[in-house]
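Only the coordinates and a few stated rules stand behind these numbers; no lab work does. Only a predicted model underlies this, so the values are computations on that prediction, with no experimental measurement involved.
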Amino acid sequence: MMRSRYNTALSAGVITAGGCLGILIPPSVMLVVLGPVVGVSVVQLFAAAMIPGLILSGLYFMYTFIRCQINPSLGPPLPPEQRPQSFWVILRELFLGIVPLAVVVFAALGSIIAGLATPTEAAAMACVGALVLTIAFTGG
């Protein structure tokens, strides 16, 4: 962010806000610890935390986007030579960078919320998924 000349205060705020979301958005260790302490199912806590976490992350995104639209010096756009050259490059980066991880996370959380697996079983399945992704991306 510093190399791209983003405002230091805005960058620190975005990183800090994202770190705070880490304790809310599943899979969250805080929810796993909190569940037994207050006598609430971890699965129910995961299900209850997803929507507020997504709303907060959307609000953080909108705030940052609007601030940068009002004052472009806070978050200047990439120079043309650093921008993707085509839509297919963007689609490839999205597919290779986000989709595999999202499939593993949603498969684990989805199986817990749907009642197909306990948190321990879902964690094991996520580990297997991560291992498969590692093998696929490193070539064996």
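Return the single residue from Phe65, Phe87, Phe46 with maximal mean-square fluctuation; model: Gaussian network over the chain, springs between Cα atoms under 10 Å. Comparing Phe65, Phe87, Phe46 in a Gaussian network model of the chain, the most mobile one is Phe87.
Top mean-square fluctuation among Gly110, Gly97, Gly35, Gaussian network model of the chain, C-alpha springs under 10 Å? Answer for the Gaussian network model of the chain: Gly97. Considering all alpha-carbon pairs of segment 84-140, what whole percent are spaced by more than 18 angstrom? Here the long-distance tail beyond 18 Å is 45 percent of all Cα pairs in segment 84-140. Here percent of Cα pairs over 26 Å apart was calculated from the structure, and among (1) 43; (2) 26; (3) 38 it sits at label (1).
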